[in-house]
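Reviewing the structure listed below.
The values are calculated or read from the model by the stated rules, or taken from the named source; none is laboratory data. None of these values were measured; they are calculated from a predicted model. Cβ atoms come from the backbone with ideal geometry, glycine included; neighbour counts cover every protein chain shown. Calculation scope for accessible area: heavy atoms of the full protein, side chains included, ligands and nucleic acids excluded. Shrake-Rupley method; radii C 1.70, N 1.55, O 1.52, S 1.80 Å.
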Amino acid sequence: MRVLVLIEERDGVPTGDSLGIVSHVAALGLYVAALVVGPAAEDDLGRLAGAGAQTVYAAALPQEPTCPIEARLALLADLQASAGFDTFLFATSALSVDLAGRLAARLGAGLIWNLSSLTMDDGRLIGRRMARGDTLTALVEWETLLRVGLMRPGAVEPQTLGKADQPLVVQIEAPKPSATGTVEISRSPSLGAPPLASAGIIVAGGRGLRVQENLALVSDLAEALGGVMAVSLPLVDMGWAPRALQVGQTGATVAPQLYIACGISGQYQHKLGMERSGTIIAINIDRDAPIMAFSDLAVVGDLSKILPDLTQLINKRRGSPP
Ligand SMILES: Cc1cc2nc3c(=O)[nH]c(=O)nc-3n(C[C@H](O)[C@H](O)[C@H](O)COP(=O)(O)OP(=O)(O)OC[C@H]3O[C@@H](n4cnc5c(N)ncnc54)[C@H](O)[C@@H]3O)c2cc1C
């Protein structure tokens with residue numbers, strides 16, 4: 001079995017999710033290669049080799065203003081033909097969801113998404129994914145010879161399994177995407193903040209905010225702490241925040257060092273997305289809210305009073321000399 005992992009980068013560095021997939025597959029004893037698109041620093045190539053990638057393909061993107069998806073799709077299909085990869089794995093992101101679907105269609109491959117782990121059973125690659133509203137774990141297998149898989153955000157942690165000082169790097173030319181491909185006209189970042197999955201500190205707001213204006217209390221605290229704002233599902237449904245900020249079963253799975261839940265009751269579907277956080281602080285007027293039972297620190301009180309004071313205090317401490 002030959003596995004290729006597409007590496008996504010954030011600020012020029014491979015994401016933890018991408019590295020995690022490489023080491024997860026390497027730990028199964030499978031041949032795993034990594035594909036980096038765009039300029040790759042020596043350190044990054046070493047990180048990928050350290051995670052267990054036996055080969056790192058470094059591809060320069062074509063100069064013409066093509067959509068990143070078209071260029072990557074052409075690269076992956078080309079590598080399948082030239083290097084004989086049979087399994088393609090991606091960390092779930094807006095880009096990779098689109099790309100994985102297109103690649104599966106182009107190769108006639110089976111596509112399994114929301115994978116939480118992979119195992120080998122008698123030479124067969126088996127995936128695990130949550131089913132029935134995350135209430136049970138299903139074992140799934142591809143019926144096709146070629147496989148495409150999307151791993152759930154935060155599902156697998158990077159490990160050091162290979163030799164970081166000896167990456168085998170193959171430079172490749174990106175093939176030209178088809179003439180009918182999408183053309184990128186302009187690019188604008190959808191969110192100024194880094195994505196939730198890799199955030200170290202998250203301040204999340206829920207329906208307890210009561211009015212949309214109170215979202216500013218959450219984002220102010222997140223900013224004061226150098227973290228990122230997140231929300232529960234109802235705020236997305238009400239149109240107060242984009243889906244990209246939602247934590248939970250149908251949103252992002254996060255594992256920051258600190259998660260502050262403001263006005264969030266802690267229903268099962270929200271808990272699923274944040275229970276792996278290092279320290280959980282809940283601010284809630286209801287001392288019996290479910291979230292209080294799995295928080296490290298439960299603050300009983302009105303968030304509209306607590307959050308401004310907390311933010312002010314942090315800003316003051318930060319501004320004052322040590
Ligand atoms: C299939 C499915 C998938 C789902 N996926 C997700 C998901 O991905 N993410 C997600 O979040 N939910 C998800 N849900 C919804 C989930 O079940 C809950 O309904 C949702 O998480 C509740 O959001 P909440 O805690 O913000 O709101 P509520 O449950 O309404 O809780 C609001 C909390 O705010 C507190 N509060 C009120 N006023 C104040 C105040 N002034 N100060 C402090 N606290 C206050 C209340 O005591 C209460 O505990 C899903 C549901 C289903 C069925």
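Hey, could you check the stretch 10-30 for residues that are open to solvent by 50 Å² or more (accessible area, probe 1.4 Å) and assigned to a strand (DSSP E or B) and say which is modelled with the highest pLDDT? Only one residue fits best here, namely Val13.
Of the residues making up the stretch 193-211, those that are in a helix (DSSP H, G or I) and away from the ligand (no atom under 13 Å from the Cβ) are Ala197, Ser198.
In the stretch 217-240, the residue that is nearest to the ligand (Cβ to nearest atom) out of those that are part of a loop (DSSP other than H, G, I, E, B) and buried (at least 22 other Cβ atoms within 10 Å of the Cβ) is Ser232. Taking the criterion of being in contact (Cβ under 8 Å) with a residue 60 or more places away in the chain, hydrophobic (A, V, I, L, M, F, W, C) and crowded, with 18+ Cβ neighbours inside 10 Å, the residues of the stretch 269-306 that qualify are Leu272, Met274, Leu303.
Looking across the stretch 248-264, the residues that are crowded, with 24+ Cβ neighbours inside 10 Å and within 6 Å of the ligand (Cβ to nearest atom) come down to Gly248, Gly263, Ile264. Ser82 satisfies every condition listed in (1) modelled with pLDDT of 95 or more; (2) in a helix (DSSP H, G or I); (3) open to solvent by 30 Å² or more (accessible area, probe 1.4 Å) except (1). The set of residues in the stretch 85-100 that are in a helix (DSSP H, G or I), open to solvent by less than 10 Å² (accessible area, probe 1.4 Å) and either modelled with pLDDT under 85 or of a type in the set (A, V, I, L, M, F, W, C) (or both) comprises Leu99, Ala100.
Any residue that is among the basic types (Lys, Arg) and at positive phi - is there at least one of those in the stretch 207-217? Looking for residues that are among the basic types (Lys, Arg) and at positive phi, one finds at least one in the stretch 207-217, hence yes.
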